[in-house]
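Have a look at the structure below, then the notes.
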Amino acid sequence: MGHLLDATAVALVEGTPVERPYTHFWAVADANGQRALSILRAAITEPAILAWRSCQSPFITTSFHQTTLVGFPLTDIGSVILMVRLPETPWTSIDQQCGATLAAHSAAMLRHARMYTDLQAYAAQTEVLNTLALFLGGLLDPARQLDMVLQRILALTHLDAGLIMLKDEPQDTVISVPALAIEPAQVTAMVEMVIATGQPVWLCRQHATTTETLPRALAGFCDLVMLPLALHATNAGALLIGSRAHRHISGEDLTLLLTIAQQLGLTLSNARLRRVANENEALRQANHLKSAFLASVSHDLRSPLTAIRASVEDLLERQHAVSASEHRALLSNIARETARLSRFVDQLLDLSRIEAGSLPIDREWIELKTLIEDVVSNFRQHWPDCRIETLVSPTLPLLYLDPMLIGQVLWNVLENGQKYGPPDGPITIEAFCTNSHLVMSISDRGPGIPLAERRRIFDRFYRLERDRHGRQRGSGLGLAICHGIITAHNGTIWVDERPGGGSIFRIAIPLTHERTGGWLPEEAFV
Ligand code: ADP
């Protein structure tokens with residue numbers, strides 16, 4: 001342009017009036033060029049430069065440093081081209097038209113260049129936001145993964161220090177990367193201020209004129225931004241982010257960081273909503289279970305109580321009219337129902353201890369064959385007609401189990417076999433050991449258990465539909481207790497269909513040599 005208009009030096013002052021201008025110079029390489037250049041350098045420091053940049057048409061000043069200075073404004077973009085011609089020759093109207101045309105072209109080019117830069121910056125920001133949205137969307141519990149979130153934000157924004165503070169989440173949380181040299185009291189004060197005002201704070205070293213005017217928070221930082229984190233429309237936290245290296249945080253950066261803070265606030269709000277919803281659902285289920293529990297317990301307590309009360313009232317009403325045999329029958333009815341009631345209360349207590357994890361396991365080295373024989377002989381006293389067959393491996397070692405609890409499991413399963421199967425059995429108990437486990441099975445010839453319900457029968461209070469209104473009374477607690485006891489021994493209990501009809505309850509308990517640190521005790525070899 002300089003050559004075209006025969007100028008000796010040219011200055012392009014560029015930038016919107018609110019920005020600090022960028023200036024580009026060109027001059028011919030001789031003494032005149034140098035002099036013209038210094039005139040232009042002086043010109044751009046003149047207060048008049050602002051008026052020149054916003055001028056609408058070419059202008060000429062003749063008295064500037066005794067030199068003529070011409071200007072071609074780049075309208076609407078706050079820029080201007082200034083020219084000096086040395087030695088001076090008159091500026092013609094053709095020069096003026098030519099300069100104006102060049103200025104218009106330059107303005108168009110600059111506008112395009114600016115648009116392109118803006119678009120690039122916009123695309124980069126969009127990419128940052130998309131990447132962050134994807135990342136935040138993939139987090140299971142963002143409030144507890146804040147360190148990862150902060151690292152990611154720093155990486156995406158090319159900043160190197162940050163801090164997230166959330167109030168009441170569930171107690172105040174502070175995550176900082178790296179450990180910032182800001183005193184906690186100062187952090188709290190800054191966060192409180194951002195939360196109270198809901199406005200970001202942008203501390204910029206460029207804005208501070210001397211080191212004395214630098215805010216204390218900026219010590220150790222190049223620039224620092226504090227942004228409110230809005231959770232459910234209330235500011236419940238803050239994101240501090242900054243650069244300890246010499247990375248300036250620009251106005252565009254601030255816009256991006258504000259959007260990031262909004263995005264993070266939204267993610268945390270949603271996560272909190274999800275958590276509250278889950279907690280509500282858990283409470284609802286617990287409430288439902290409690291109601292089911294109360295309904296079931298009341299029913300199971302009421303039926304023996306009603307029977308006892310009826311027998312007692314009968315005895316009282318007909319005191320003298322009751323025959324000796326009737327008297328005995330009523331008393332044994334009371335005894336039976338009381339035993340049933342007491343067994344139910346014991347089962348409830350056992351189950352509550354199992355569920356609270358407070359069931360004491362009192363393991364000792366036992367001979368399982370003897371334990372099985374004891375349970376069977378006790379069982380026979382109650383049900384003498386029930387045939388029970390035992391097949392216990394002769395090579396069983398001593399086993400480290402709680403005999404009372406394992407005895408209770410055997411009893412419950414045997415009792416079910418007798419109750420739901422033919423009352424006279426047969427029931428078969430088998431026990432053997434593999435390299436790693438004790439395996440027991442109790443098989444009956446009852447109606448079996450439908451495949452879909454084989455897991456559920458171990459749930460507390462669960463009874464098969466056919467038995468809920470059937471002849472056999474039950475509480476649905478026996479197998480839940482067995483499951484709890486076997487689980488407490490680190491074992492498993494399950495039920496299969498018995499070939500030829502019936503159920504086969506299987507129990508597998510890992511062998512343990514715990515007390516002897518891997519060696520069986522001496523008595524194991526006796
Ligand atoms: P209860 O026998 O007191 O009802 P359990 O927890 O011992 O409670 O058993 C749960 C349910 O599983 C029983 O109600 C019954 O429907 C079913 N069940 C248990 N054992 C057997 C079995 N050997 N054969 C058939 N059904 C059984």
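Can you tell me how the stretch 318-375 classifies by the Cα gyration tensor, rounded, prolate or oblate, using a/c under 1.5 as the rounded cut? Oblate, since a/c reaches 1.5 and b/c is not below a/b.
Give, as ranges by residue number, the residues of the stretch 248-284 whose backbone N falls under 19 Å from the point 7 Å along Cα→Cβ of LEU156. Answer for this model: 249-272.
Rounded, prolate or oblate: which fits the stretch 19-163, taking a ≥ b ≥ c as square roots of the Cα gyration tensor eigenvalues, rounded meaning a/c under 1.5, else prolate when a/b beats b/c? Prolate, since a/c reaches 1.5 and a/b exceeds b/c.
Using R0 = 45 Å, the C-beta based FRET efficiency linking LEU349 and ASP147 works out to 0.50.
Could you tell me how many degrees, from 0 to 90 and to the nearest 10, lie between the Cα long axis of helix 184-197 and the main elongation axis, the longest principal axis, of the Cα atoms of the chain? Helix 184-197 sits at roughly 80 degrees to that axis. Between the amide H of THR8 and those of VAL84, ARG85, LEU86, distances stay under 5 Å, these residues lying 5 or more places away or on another chain, with hydrogens modeled in the peptide plane. Taking label positions 7 Å along the Cα-Cβ direction at both SER303 and ALA48, the computed distance is 10.9 nm, reported to one decimal.
Computed from backbone phi with θ = phi - 60° and the Karplus coefficients 6.51, -1.76 and 1.60, the 3J(HN,Hα) list for the stretch 460-475 is 5, 6, 7, 10, 5, 3, 5, 9, 4, 10, x, 6, 7, 7, x, 10 Hz; x is used for glycine and proline. Across q = 0.15 Å⁻¹, the stretch 366-405 modelled as identical point scatterers on its alpha-carbon atoms has Debye log10 I(q)/I(0) values of -0.41, in the order of the q list. A simple spin-label model places pseudo-atoms 7 Å from Cα toward Cβ; at LEU316 and LEU398 they are separated by 5.6 nm. Each Lys or Arg adds one and each Asp or Glu takes one away; over the other residues whose Cβ falls under 14 Å from the Cβ of TRP91, this sums to -2. Taking amide H atoms as placed 1.01 Å from N in the peptide plane, the amide H of THR512 lies under 5 Å from those of TYR400, each 5 or more residues away in sequence or on another chain. Considering only DSSP beta bridges whose two residues both sit in the chain, what percent are antiparallel, to the nearest 5? Around 95 percent antiparallel, to the nearest 5. Ranked by how many other Cβ atoms sit within 10 Å of their own Cβ, fewest first, the residues LEU239, LEU156, LEU256 fall in the order LEU156, LEU256, LEU239. Quick one: Debye curve from the alpha-carbon atoms of the chain only, equal weights, vacuum; give me log10 I(q)/I(0) at q = 0.06, 0.07, 0.08, 0.11 Å⁻¹ to two decimals. Per q value, in the given order, log10 I(q)/I(0) is -0.62, -0.70, -0.79, -1.04. Our coupling estimate for the stretch 76-92, obtained by passing each phi through the Karplus curve with A = 6.51, B = -1.76, C = 1.60 and θ = phi - 60°, is 6, 10, x, 10, 8, 10, 10, 9, 10, 10, 10, x, 5, 10, x, 8, 8 Hz, Gly and Pro reported as x.
By how many degrees, between 0 and 90 and to the nearest 10, does the Cα long axis of helix 31-43 differ from the longest principal axis of the chain? Its long axis makes an angle of about 60 degrees. Taking 0.36 nm per residue of separation and subtracting the current Cα-Cα distance, fully stretching the chain between VAL439 and LEU451 would add 2.1 nm. Between amide H atoms placed 1.01 Å from N, distances below 5 Å from ALA161 occur with GLY242, ARG244, all of them 5 or more places distant or on a separate chain. Between ALA282 and LEU102, the FRET efficiency estimated from the beta carbon spacing at R0 = 56 angstrom works out to 0.15. Spherically averaged projected area of the convex hull of Cα atoms, the stretch 367-458: 6.4 nm². Counted by Cβ distance under 13 Å from GLY501, the other residues give a net charge of -1, where Lys and Arg count +1 and Asp and Glu count -1. Using a cutoff of 8 angstrom between alpha carbon atoms and counting only pairs six or more residues apart, the relative contact order for the chain works out to 7 percent. Excluding residues on the same chain fewer than 8 positions from LYS369, give the lysines whose Cα lies under 27 Å from its Cα. List returned: LYS419. Once the convex hull of all Cα atoms in the stretch 235-380 is built, its volume per residue stands at 238 Å³. Can you check what the net charge comes to around ALA230, using other residues whose Cβ is under 13 Å from the Cβ of ALA230 (Lys, Arg +1; Asp, Glu -1)? Neighbourhood net charge equals +2.
Given their separation in residues at 0.36 nm each and the Cα-Cα distance between them, LEU391 and SER377 gain 3.5 nm when the chain is fully extended.
Spacing of the modelled spin labels on LEU110 and ALA324, each 7 Å from Cα toward Cβ, amounts to 12.7 nm.
In terms of Cα atoms, the Rg and Dmax of the stretch 221-309 work out to 26.8, 88 Å. Backbone geometry of the stretch 412-420 corresponds, through the Karplus equation with coefficients 6.51, -1.76 and 1.60 at θ = phi - 60°, to 3J(HN,Hα) couplings of 4, 6, 4, 4, 5, x, 6, 6, 9 Hz, x marking Gly and Pro. To the nearest ten degrees, helix 251-317 and the longest principal axis of the Cα atoms of the chain are 10 degrees apart. Highest average first, the peptides 90-102, 28-40 ordered by how many other beta carbon atoms sit within 10 Å of their residues are 28-40, 90-102.
A short reminder: the numbers here are calculations on the coordinates, not readings from a lab. Since the model is a prediction, treat every value here as computed from it, not as a measurement. Counting neighbours? That spans all protein chains shown, and the Cβs are built from the backbone with ideal geometry, glycine included.
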